[in-house]
Amino acid sequence: MATANPVPEPLLRFLSGGWAAVVRETPAQDPRAGAWQERRARLSSQFPDRTIVIRAGHEVTRNSTTTYSFRAHSDFIYLCGAAEPDAVLVIHPAGDAELFVHAPHRLGEIEWFTDPSRSPLWAGPQVEPEELALRLGITVRALAAMPPSYTVPDDAAFDTEVSRSVARLRLVKDAFEVESLRAAAAASLLGHAELRASIPEAIREGGERWLEGTFLRRCSASGNGPGYWPIVGAGPHSCILHWHRNDGPVRNGDVVLVDAAVEGTDHYTADITRTYPTGDAFTGAQQSVYDIVQAAHDAAIASIRPGSSFHDSQDVAWATLVDGLIDLGVFRPGQRAEALDPDTMLHRRYTLHRTSHHLGLDVHDCQVIAAEYRAGTLVPGMVFTIEPGLYLQANDETVPEHLRGIGVRIEDDVQCTADGYAVLTSGA
């Protein structure tokens, strides 16, 4: 990787001339500009007489002189649509707003040649503040000109309340957001189809890492990258909830659990899990576990309707899973009540996790108010996952031996609608 060297004065003079003017198209205003403005106004109205400062965040060092790919804070994206590192959004008490971004380096400035992050020779053309203002429908100024009074104060309580207020706005998606989630879902389903087709190659060589790479290629081709790091667990790894190492073999006759999704170019992500046979079909034991999870998944989705409790679908899913575990001989019929009792929750040995969370700009969207939304009711426009699973660990002696080492999760993204629900990820 190249690094900048000191620039002698003669070279700087030589660099300062002889360049043709770059013709740039005038950007059109983004159709979402009005929505961003409305969100800012709604947030501002909750904090009369207060100035709200939201930062995009900074590039994070990976090692030495390299950084991770930058991704702006989701609240920042939600409120203005920008994604530039170090940018600052200032919302004034009346709802007016200013966006402060780095101004491009100019010819004659040494940084025009030496700054690896913002030199046009190193990093490509930089966005002009005027262009950003036209596209986003907001006043844009140079970051260097930001008044010191806009510095974020050390007020943790206010910061927390602003964060929670933005999360409440983000709970209900508008039409633009739902369309973005549909696009991310479509790209993710394509990635899953490509991954499944590559299972024979993963068996021959490459294993889980081959499948991971296959999906990541789709993430790069169709979006900003993965919405979260893929989980690719084959064989007993299918029972490990967050298996991110993805470094095991893929063997014929196993199951492979894949939890992976694309983050779209406008930063909204899907969240999809599929469980595949590595051979032509599931074995009898694998199919029996899969069918139970599928039944729980379908029953949970069928329970979704406006006004129902957020946890209703989870209760339905867990009850279906426990009934299936009784059929498999994992629980005795007389254990059903104890297995489902909120004070004992014996089923969690095999189900491990909750079956739903909100989805949007973050894979676990609005997490700062998770306890609040879990205690609430469904409203049209909410988008969330339905993801029941069973994980029968390879060394779990409470499980019949022929079922050990089988993990199955089926996850889809669902929108609550005025008359029920819409599955955004139906397909592969």
Item to complete: Grab the Cα-Cα distance for Ser309 and Ala281, subtract it from 0.36 nm times how many residues apart they are, and report the gain in nm with one decimal.
Response: 6.4 nm
Practice prompt. Over all alpha-carbon pairs in the chain, figure out the percentage whose distance exceeds 33 Å.
Written response: 45
Worksheet item: Cα convex hull of segment 20-169: mean projected area in nm², to one decimal?
Response: 10.4
Discussion item. Explain nothing, just compute: Karplus ³J(HN,Hα) = 6.51 cos²θ - 1.76 cosθ + 1.60, θ = phi - 60°, for every residue of segment 178-183 in order, whole Hz, x for Gly and Pro.
Written reply: 4, 5, 5, 5, 5, 5
Practice prompt. Find, to one decimal place in angstroms, the Kirkwood hydrodynamic radius of segment 172-423, where the mean of 1/r is taken over every pair of different Cα atoms and then inverted.
Written response: 18.5
Fill in: Between 0 and 90°, nearest 10: helix 207-222 axis offset from the chain longest Cα axis
40
Discussion item. Would you report the distance distribution of C-alpha pairs in segment 206-264 as whole percents per 10 angstrom bin, up to the bin with the largest distance?
Written reply: 28, 51, 20, 1
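How charged is the neighbourhood of Asp362? Take every other residue with its Cβ under 14 Å from the Cβ of Asp362, and add Lys/Arg as +1 and Asp/Glu as -1. Let's see the in-between values first.
Values: positive: Arg71, Arg170, Lys173; negative: Asp75, Glu177, Glu263, Asp266, Asp271, Asp365, Asp413.
Summing Lys/Arg as +1 and Asp/Glu as -1 gives -4.
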Practice prompt. Grab the DSSP H runs of the chain that are 4 residues or longer, score each as -39,500 (n - 2.57), total them, divide by all residues and round the 222 nm result to the nearest 500 deg cm²/dmol.
Written response: -10500 deg cm²/dmol
Worksheet, complete the sentence: Quick shape summary for segment 296-428, equivalent ellipsoid via Cα gyration tensor, semi-axes whole Å in descending order, reads 28, 16, 14
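With +1 on the Cβ of every Lys and Arg and -1 on the Cβ of every Asp and Glu, and nothing else charged, how large is the dipole of the chain about its Cα centre, in debye rounded to the nearest 20?
Rounded to the nearest 20 debye, it is 320 debye.
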Worksheet item: Ile406's amide H: which non-local residues (gap 5+, or another chain) put their own amide H closer than 5 Å, with H modeled 1.01 Å from N in plane and none for Pro or chain starts?
Response: Leu392
Practice prompt. Please give the length that would be gained between Met345 and Asp247 if that part of the chain were fully extended, namely 0.36 nm times their separation in residues minus their C-alpha to C-alpha distance (nm, one decimal).
Written response: 32.0 nm
Worksheet item: Using the Kirkwood radius built from alpha carbon pairs, what does the Stokes-Einstein equation give as D for segment 6-74 at 4 °C and 1.567 mPa s, in µm² per second?
Response: 73
Worksheet item: Between Pro400, Leu107, Cys219, whose Cα lies farthest towards the positive end of the dipole of the chain when Lys and Arg beta carbons carry +1 and Asp and Glu beta carbons carry -1, centred on the Cα centre?
Response: Leu107
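Each value in this text was obtained by applying a stated rule to the coordinates, not by laboratory testing. Keep in mind that this is a model prediction, so the values were computed, not measured. Every residue, glycine among them, receives a Cβ derived from its backbone with ideal geometry; neighbour counts consider all protein chains shown.
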